[in-house]
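Values quoted throughout were computed directly from the atomic coordinates according to the rules given, and no laboratory measurement underlies them. Keep in mind that this is a model prediction, so the values were computed, not measured. Note that we place each Cβ from the backbone using ideal geometry, even for glycine, and neighbour counts take in every protein chain shown.
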Amino acid sequence: MGGKPLSEPIVGMASTPDGGGYWGVAADGGVFAFGDAGYHGSMGGKPLNYPVSGMASAPDGDGYWLVGEDGGVFAFGDAPFLGSFGGPHGFASAFEGIVATASGNGYWMPLADGGVFLYGDASYQGDASLIVNSRSYMVGMAADLAPAAG
């Protein structure tokens, strides 16, 4: 979208499983698809309580999730809605992204203060809430989705 006027800045992106495409999401929820990434809808032009802060793709590439700073989740395509934390919550920090599980039946949502919320089959592996301090904060998260050695 370089050189094109946007209502809000791009705040997240996700790739297709084959690496042949990707999506970008703007803070207003607008989604932009490139390469073999299919467009499945967006929140662009719709009223949001809080800006979108990240996105994740479904493992099959036929859907994606958007997450707002308040923890609200929006599911598109075949990405299932598995719950969210949207609305007033009193946390001192915002949700900074969303990461899908390998099955696509769960997701993790990190807070800027290092806390992590999980939904569906996402398992708790710890968080950074005791590490993050007033001079630093989390800005993203990634999962190791490689099959376990067996």
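Relative contact order (percent) for the range 10-120, with alpha-carbon contacts under 8 angstrom and 6 or more residues of separation?
Details: 280 pairs, mean separation 20.0, N = 111.
For the range 10-120, the relative contact order is 18 percent.
Strictly greater than 19 Å: what percent of every Cα pair in the range 26-121 meets that? For the range 26-121, the fraction of Cα-Cα distances above 19 Å is 36 percent. Remark: the range 10-120 carries a charge dipole of roughly 180 debye about the Cα centre, counting +1 on each Lys and Arg Cβ and -1 on each Asp and Glu Cβ. Most mobile of SER57, SER123, SER42 per a Gaussian network model of the chain (Cα springs, under 10 Å)? Most flexible of the set in this elastic network: SER123. Pick from TYR39, TYR107, TYR124: which is most flexible by mean-square fluctuation in a GNM of the chain where alpha carbon atoms under 10 Å apart are linked? Top of the fluctuation ranking is TYR124.
In the elastic network of the chain, a GNM with C-alpha springs shorter than 10 Å, the most mobile of ALA79, ALA122, ALA92 is ALA92.
The share of C-alpha pairs in the range 1-64 whose separation exceeds 13 Å stands at 59 percent.
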